[in-house]
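Student: Just passing along the structure, written as structure tokens.
Read-outs throughout are calculated quantities, based only on the coordinates presented, and are distinct from any laboratory measurement. Bear in mind the structure is a predicted one, so any value in this text is a computation, not a measurement. Counting neighbours? That spans all protein chains shown, and the Cβs are built from the backbone with ideal geometry, glycine included.
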Amino acid sequence: MPSILNNIAALGASNQLNITNTGMQSTIQRLTTGKRINMASDDASGLVIANTLTSQTLVDGQAESNANNLLSSLQTDDGTLNEATNLLTRAAELAQEAQATGAEATPLDAEYQSIIATFNSLVSSTEGGTAGITLTTALGSFGNSALQVTIGAITALSGSLATGSASAAAATIATVLGEVGTARGGIGAGEQSLQAYSNVLGIQDQNQTAQLSQIQDANVAQEVVNLTKWQILNQSGISALGKANQAGQSILSLLQ
């Protein structure tokens, strides 16, 4: 029954137009931000999961950076010990040569002393100790276990390379070479562990980012389709609301 007091059709059209405007604003927001979830009401459970993944990705990214920094530190130590190995190898060569040398021991000794001084300086500058070095590098806590590289003390060398002490010097050098080799082995093991850990973190970051994208990112193609739909509904809704408001005026013709 037509009514002057209440225009039910216009109220219905107005309510639907409000729904259309809300949907269109939401679609525009998703297209603007690139995110499917912009507020908790969009997807409450999805928002919780997305926040957790975002936090974990940032933490893992920092852990990967820490691992790479520590890996660089170990590589620096390995480079230092590589030079130490070269020095000791030359010192061992001089010690061997001195065993068959008489009057020529003096120039051999001079080079030997220069090498040993350089080696001792290298050892002392690495860890600040004059009696030898002990490399103990804590690499941080990864998961439930701490990765650590512990390297035994490397003995500093001293003494004169005279012909009579050449054999003793060669034996001492061989011992220290063994210590340096063991130290480099420990560093190498630590480098392998750090590299593996860094690789795992990189894979985790990739997978978590993909999972986050599935949950949080907007489907741009679908949203463009939705925007077109909302725009058409908005136009038709405004037209329908205008027609509904005009319907009440037709009742005036009954009074003529």
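Student: What residues qualify as long-range amide H neighbours of Asp217, i.e. H under 5 Å apart, gap of 5 or more or another chain, H built at 1.01 Å from N?
Tutor: Close amide H contacts, sequence-distant or interchain: Arg36.
Student: While we're here: Return the loop-located trypsin sites (Lys or Arg not before Pro) in region 1-94 (DSSP other than H, G, I, E, B) with at most 10 other Cβ atoms within 10 Å of their own Cβ; answer none if there are none.
Tutor: Qualifying residues, ordered by number: none.
Student: Here's a follow-up. Explain nothing, just compute: Karplus ³J(HN,Hα) = 6.51 cos²θ - 1.76 cosθ + 1.60, θ = phi - 60°, for every residue of region 61-76 in order, whole Hz, x for Gly and Pro.
Tutor: With the stated coefficients, region 61-76 comes to x, 5, 5, 5, 5, 4, 4, 5, 5, 5, 4, 5, 5, 5, 5, 5 Hz.
Student: Whole-Hz ³J(HN,Hα) for each residue in region 6-12, computed from phi via Karplus 6.51 cos²θ - 1.76 cosθ + 1.60 with θ = phi - 60°, x for glycine and proline: what do you get?
Tutor: Working through the residues one at a time gives 10, 10, 4, 4, 5, 4, x Hz.
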